[in-house]
Amino acid sequence: MDLDLSEEHELVRSTVREFALERLAPVAEELDREERFPYEIVAELAQLGLMGMPIPEEYGGAGTDTLSYAIAVEELTRIDSSVAITMAAHTSLGTMPIYLFGTEEQKREWLPRLASGEGLAAFGLTEPGAGSDAGATRTRAERRDGTWVVNGSKIFITNAGTDISACVTITALTGEGEISNIIVPNGTPGYEISAPMKKIGWHASDTRELSFDDCAVPEGNLLGPRGSGYHQFLEILDGGRISVAAMGVGLAQGAYDLAYDYAREREQFGRPISKFQAVQFKLADMATEIEAGRALVCKAAWLKDQGRPFAKEAAMAKLYTGELSNRAANWSLQIHGGYGYMEEYAISRLYRDQKILEIGEGTNEVQRMVIARHLGL
């Protein structure tokens, strides 16, 4: 068993880490405070080929494996979750449905623009009345004169309302008990996007409510066979959980890094607080759990790259790293003491950004349901 990363994977890690430290770290606090979408950073991510990592080169992507993608997401999240989720949601949720289930014509139309980062993609699953129960979709699409006419709404959707947003793929009822996925281009009449939603964290990430009022899109915008939407979005969520799990590891690593550096600098009772066993034990526990979480993410990504079943492992990784990041952010802030409660210290931002990792892409409770089902319970 070889647990070493390949040279290619190490190159991805070092490249993204360098970018995050040099370009992202200096502006992360400002972007968060101003709740400003990071257009310049996203453009630079695109130049590095990070906005279409798992998409084959023939469609304009980088053609990397899932493990490389997870590594990149982790490294971005170590510094800033808003930028990381912009890239991850665009890739796993927005672009992958078109790549996995689109016709060749749909792929040629959308993937080059999305994989290059020229346009952002979103995925519209959650509704005001359909969260964890994603199958309770109420948005409807009716066939009329060669179009799908959509009526309904979506909520908590990432990347739908920026100046470079290109499309959203939504779930909709196309018949009694029949869910399908449909691509809705930005600017389509009847497709309205709310003002940015106010959130506890992820302040520089774009989150909107979407509404559809007799929104007509071409019949050819149906993604895959009619009625296959439920199974499609389950597969999309399985893959997306790997990226969110990578975010959990990245945020935990970032919290650990901040606590480690602070503990060695902060002096109390005549010596650095890193010399006190209470602080040492917290750092030791964080370091241990981060290694365990990273191993879970790597295994899920490796299984996916091998073409083997990975849904259980992705759910395990997402569950564990979500709870791990909670503990790490909390312990790190505790080590910072009163200073950690001040907005000028980065740990306060990581602390706020963390909680959504236990909610988005399936709550902790849903992950346990998924794992239990795969265990045959």
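Using only alpha carbon pairs under 8 Å that are at least six residues apart, calculate the relative contact order of the range 47-179 and give it in whole percent.
Values: 211 pairs, mean separation 29.6, N = 133.
Computed value for the range 47-179: 22 percent relative contact order.
For the chain, the longest principal axis of the C-alpha atoms and the axis of helix 364-374 are separated by about 70°. In a Gaussian network model over the chain where Cα atoms closer than 10 Å are linked, find which of Ser243, Ser332, Ser132 has the largest mean-square fluctuation. Highest fluctuation among the options: Ser132. Computed from Cα atoms, the angle from the helix 104-115 axis to the main principal axis of the chain rounds to 30 degrees.
Across the range 121-227, C-alpha contacts under 8 Å between residues 6 or more apart give a mean separation that, scaled by the residue count, equals a relative contact order of 32 percent.
Put a dot 7 Å past the Cα of Met197, heading toward its Cβ, do the same for Asp214, and the two dots end up 2.8 nm apart. Comparing mean-square fluctuations of Ala300, Ala141, Ala25 from a GNM of the chain with C-alpha springs under 10 Å, the top value falls on Ala25.
Across the chain, where is the longest run that never hits GluC sites (Glu not before Pro) in a DSSP loop with at most 11 other C-beta atoms within 10 Å? The segment 1-175 is the longest one with no such site. Of all DSSP beta bridges confined to the chain, the antiparallel ones make up roughly 85%. Extension gain, Ala43 to Thr103: 0.36 nm times the residue separation minus the Cα-Cα distance gives 18.8 nm.
Residue by residue, the range 198-204 carries 3J(HN,Hα) couplings of 8, 10, 5, x, 6, 5, 8 Hz when phi is fed to the Karplus relation 6.51 cos²θ - 1.76 cosθ + 1.60 (θ = phi - 60°); x denotes Gly or Pro.
How high is the FRET efficiency between Asp305 and Phe269 when r is their beta carbon distance and R₀ equals 35 Å, given to the nearest 0.05?
Details: r = 50 Å, r/R0 = 1.44.
The formula returns an efficiency of 0.10 here.
Based on Cα contacts under 8 Å between residues 6+ apart, the chain shows a relative contact order of 16 percent.
Bear in mind these aren't lab numbers, they're just calculated from the coordinates by the rules spelled out. What you see is a predicted model; the values in this text were computed from it and never measured. So basically every Cβ, Gly included, is an ideal-geometry build from the backbone, and we count neighbours across all protein chains shown.
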